[in-house]
Amino acid sequence: MKRLALLLALLGNSSTGARRVSGGIAGGPCAPSFANPPKADKGLLVLRRATAGRHAQGYAGRRFFWSEPRLVLVWGLLCAGPGQAAPFLYDMGTAGSAVWEGFTRITPADVFSVEAGAGWQSAAGLKAQARAYTDLVENRSRGTNEPPPIWTNPITEDCVLGDRGNAFLLRAPPGNYELYVVCGTSEAMRSQFFDFTVQVGAQQQRVQFEGGYQFRSLRFRARVTNEPLTITFSPRSKWVVNAILAWTATDAARVQKEIIAPFEEWTFRMPPAEWAKWQEEPEPASGPMPPVSEADRQRGFVLYSRPYLECVYPHTKPRAEDLNPSLRLFATPGESEPMNFVVHPLRDLTGVKVTVRAVGPVPADRIDIRHVRFIQARPNYTVRFRYRVVPDILEHFDALDLKAGENARFWLTAHLPDDAPAGTYSGKITFTCSGGTAQVPVTLRILPFKLRDDPGKLFGIYYRHPYDLIAGADDEVSREYFRRKADLEHADMVAHGTRNAVLSSGGAPADAQGNFKFNWELLAEKIALWRKHGFQGPIVMGIGTDGVYGKYMGERYGSHLRGVKDPPAEFGRELTAMVKAIETERQKRGWPEFLYYPVDEPGTEAAAVNFMVKVLQACRAAGVRTYLTADPTHEQFDPLRPYVDVWCTQPFAPDRETILADTKARRVEYWCYPNHVNGENDHTPVAGARMTYGFGFWRSGFRTLIPWIYSASTGDPLNYLDGYTMDFFNRREPDGTPLPVAMWEAYREGYDDYRYIYTLEQMIAEAKQSAKGGARSAALAAERELNFVWNAIRVQPKYKHDGLWSPEELDVYRWLVARQILAVREALAK
């Protein structure tokens with residue numbers, strides 16, 4: 001009777017009514033479908049489940065009831081037995097955006113009251129966003145229709161945001177509830193760092209993410225008494241929410257199966273209609289499983305190791321010789337050296353942890369422990385409808401649960417102190433789980449010398465600078481986040497041997513008086529960060545060529561100069577003036593030399609080449625050196641040769657002899673951006689990355705390696721299948737800390753290979769100058785060994801998969817070099 005009285009009171013205070021649909025309530029008994037209409041008309045509404053008919057399972061025409069939050073409460077009480085309530089489902093957004101089936105629309109105007117039954121504590125500071133991506137989008141630069149950055153659904157296409165503390169309140173019958181809270185935005189919001197806490201009762205969860213196109217799901221448990229169920233949002237910067245679900249144990253299985261599972265598949269992968277078009281490519285064959293010992297069967301897992309340069313896929317089988325490994329490695333003071341082991345679960349395992357003790361002078365807290373995350377990735381940059389499951393991200397973890405039959409690889413990196421004493425040391429890695437414990441012995445030999453850096457070589461990278469996002473941020477927490485992120489990324493580059501990054505001058509075309517406006521202070525801050533981390537010039541400096549072109553032509557040229565036309569002479573004169581203005585400021589501030597980078601990857605068509613001749617001539621007229629991303633072995637680029645000072649090519653082409661001759665004759669430099677080992681094309685050539693950065697680079701004749709790019713994301717940075725292009729290379733932790741991928745670690749190993757070689761070359765030169773006969777003899781022996789290594793390299797324009805040394809050979813050749821360093825060092829010391 002009390003419940004009936006409450007229902008009558010609520011209905012009596014409602015200004016809306018509900019009408020029966022075809023003899024029953026839509027959705028079946030105790031499973032109504034509610035939605036507020038875009039306009040304030042009452043009763044029956046035909047509403048799409050999402051925003052377009054493209055995804056038949058998501059946004060087809062549908063019959064819904066419109067209700068205010070109070071009517072959802074009424075329906076929950078009607079359907080509930082004693083101590084039970086139907087699920088409470090709320091979709092936050094605008095008055096006109098789509099609503100997921102069965103959910104109630106919540107806008108910033110919906111403030112809680114006893115009559116309403118659900119709503120915000122306050123409307124102050126709230127705003128709603130909505131942007132739906134349900135179809136292909138036009139890319140004018142490329143002249144194509146492409147997938148959107150993300151695919152949205154009725155929950156993810158809209159949200160409510162707040163810049164101050166607030167809460168969502170919900171009246172529900174007393175009892176125990178589970179909650180599911182979705183937080184994110186479909187807007188780009190590139191300059192926003194979201195940092196806030198969601199609290200339910202005594203439980204708190206912190207949410208952090210940079211920009212839009214991504215979503216977080218949180219789960220809570222709560223006990224409801226006579227007070228409203230309260231979900232509190234406490235921002236450090238801003239908070240955002242898309243949906244709130246609450247249910248009792250009675251509905252748990254149904255909510256998970258009918259709402260949460262479909263929502264997560266759509267949100268974190270893609271819509272069902274799109275996903276149906278994609279096909280998984282099989283893993284590389286790895287042979288049969290070797291015999292499993294009784295001890296392994298009892299504990300429920302097999303433990304093995306492969307060289308870290310070999311990709312281990314979810315179902316890779318170990319070889320007999322891989323089982324129960326002992327890890328052996330050598331390194332020099334200040335060097336970082338990886339090691340790994342793999343667990344192949346024979347049954348489901350829970351509570352997985354990995355710990356390590358100090359290995360000699362390397363304390364446990366300087367041994368980084370990570371788990372290799374498998375991720376669905378395209379086999380190439382813009383390929384659609386095909387994917388593979390590949391090892392990629394190296395993530396920290398507290399504890400893991402492992403599925404039977406699916407490998408888990410653990411990647412450890414020992415960071416040796418700069419003053420680590422020479423010697424051979426032992427340690428152990430401990431793996432524990434619900435099945436038992438296993439230990440992996442580690443032997444580390446620390447060599448008695450430090451590696452040297454070659455001042456004549458540069459290791460750089462293309463880079464999207466976080467400082468560029470600071471101006472667009474409207475809260476100090478976001479601004480400080482981007483400053484910290486840039487600092488951490490620069491430190492990470494240095495830790496991996498990279499001390500150069502591409503920058504951009506920005507700036508617009510000249511005004512009516514012929515003056516240019518640049519943000520010199522922003523550029524000064526970037527270069528100050530360069531200097532803080534010991535970066536080395538020259539700086540590749542992008543300039544606003546397309547803006548000047550647009551000023552005179554009334555349109556922008558397309559990607560790779562697609563559709564470029566011949567500009568008037570005034571274009572070239574203004575471009576020269578722009579470069580002079582930049583160069584004048586550079587000299588005044590004492591900045592490193594700039595290499596002027598006017599256009600990226602021009603096409604080989606005659607119009608593009610003729611345009612580039614004028615562009616490069618205009619830059620040269622300012623008395624500067626030019627930088628061009630193009631392959632000089634293409635004869636179409638021959639007209640550009642007189643105007644290019646630095647050729648930057650994807651492969652190691654032309655060959656070493658051609659490079660040395662051209663450099664000697666014209667002082668031209670050759671740089672390489674090896675995108676084939678950056679993830680743009682493939683996430684798996686880890687061995688090729690090390691070969692490119694070490695022995696291959698040494699053999700090439702090139703001066704610099706400068707790949708595209710430190711990190712590239714199109715939509716959700718952890719969904720490599722959304723958007724037009726694949727996401728690739730380094731990711732980030734929620735707080736902006738760099739999150740490496742396996743190939744980035746291979747870069748460092750190749751860089752160290754090169755340093756071993758350079759260190760030996762320098763010691764050979766020193767020994768040859770020594771008055772000690774033994775030193776000269778040791779130098780000649782070392783030179784012969786180094787020539788042997790040189791001749792063993794199978795020279796290729798792209799070191800990727802084929803024709804490489806095996807991972808074991810790479811380590812053997814490094815040891816051959818290290819052994820000669822020890823011999824020459826000993827001879828010099830006698």
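Some values worked out for this structure:
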item	result
22 Å Cα-Cα reach of Lys798 towards lysines, excluding residues that sit fewer than 8 places from it in its own chain	Lys457
Positive dipole terminus of the chain, leading residue within Pro567, Tyr387, Gln636 (C-beta point charges)	Tyr387
Net length gained if the chain between Thr197 and Val137 were fully extended (0.36 nm per residue, minus Cα distance)	18.1 nm
Sorted peptide list for 802-815, 671-684, 101-114, criterion being average Cβ within 10 angstrom, highest first	671-684, 101-114, 802-815
Nonlocal amide H pairs with Phe301, under 5 Å, H built at 1.01 Å	Leu346
Computed magnitude of the charge dipole of the range 294-446 (debye, nearest 20; Cβ of K, R +1, Cβ of D, E -1)	580
Cut-off 12 Å between beta-carbons: net charge of the residues surrounding Thr725, Lys and Arg +1, Asp and Glu -1	-1
Distance (nanometres) between label positions extended 7 Å along Cα→Cβ at Glu395 and Arg164	3.7
Reach of Lys517 by Cα under 23 Å, taken over lysines that are not fewer than 8 positions away in the same chain	Lys526, Lys551, Lys580, Lys588
Normalised alpha carbon radius of gyration of the chain [divisor 2.2 N^0.38 Å]	1.09
Accessible area of the chain belonging to carbon and sulfur atoms, whole % at 1.4 Å probe	50
Cleavage-rule hits, trypsin sites (Lys or Arg not before Pro), the range 216-291, DSSP coil, Cβ neighbours within 10 Å at most 15	Lys277
Length released on extending from Asp802 to Ala273, taking residue separation times 0.36 nm less the Cα-Cα span	186.7 nm
Pairwise centroid distance, computed over Cα atoms, of the range 316-380 with the range 544-622, Å	49
Relative contact order (percent, whole number), the chain, Cα cutoff 8 Å, 6+ residue spacing	9
Accessible-area order (highest first, 1.4 angstrom probe) of the listed residues Lys457, Lys664, Lys772	Lys664, Lys772, Lys457
His634 accessible area, assembled protein chains, probe 1.4 Å, Å²	80
Dipole magnitude of the range 496-632 about its Cα centre (Cβ charges: Lys, Arg +1; Asp, Glu -1), debye to nearest 20	440
Extreme residue, positive dipole direction of the chain, given options Val137, Val540, Thr658 (C-beta unit charges)	Val137
Positive-pole candidate from Leu810, Tyr747, Ser713, dipole of the range 687-830, charges at beta carbon	Leu810
Asp418-Val812 pseudo-label distance in nm [points 7 Å out on the Cα-to-Cβ vector]	3.6
Amide proton proximity set for Phe594, modelled H, under 5 Å, gap of 5+	Ile539
Where the chain is the region considered: accessible area per residue in Å², 1.4 Å probe	41
Dipole magnitude of the chain about its Cα centre (Cβ charges: Lys, Arg +1; Asp, Glu -1), debye to nearest 20	700
Separation between Cα centres of the range 210-253 and the range 810-830, rounded to whole Å	60
Phi to ³J(HN,Hα) by Karplus 6.51 cos²θ - 1.76 cosθ + 1.60 over the range 564-576, Hz, x for Gly, Pro	5, 10, 6, x, x, 4, 4, 4, x, 5, 5, 5, 4
Candidates per chymotrypsin sites (Phe, Trp or Tyr not before Pro) in the range 461-529, loop by DSSP, up to 13 other Cβ within 10 Å	none
The chain - mean residue ellipticity at 222 nm from DSSP helices (-39,500 (n - 2.57) per run, n ≥ 4, rounded to 500)	-8000 deg cm²/dmol
Bridge type composition, the chain - antiparallel percent by DSSP, nearest 5	75
Over 27 Å between alpha carbons, listed pairs Lys353/Lys800; Lys450/Lys800; Lys257/Lys277	Lys353/Lys800; Lys450/Lys800
Distance between modelled label sites at Ala621 and Asn515, nm, 7 Å Cα→Cβ extension	2.3
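The values are calculated or read from the model by the stated rules, or taken from the named source; none is laboratory data. On a predicted model such as this, the values are computed, not experimentally measured, just so you know. No Cβ is skipped: glycine too gets one built from the backbone with ideal geometry, and neighbour counts run over all protein chains shown. Just the protein is used for accessible areas: all its heavy atoms, side chains included, with ligands, DNA and RNA removed. Shrake-Rupley method; radii C 1.70, N 1.55, O 1.52, S 1.80 Å.
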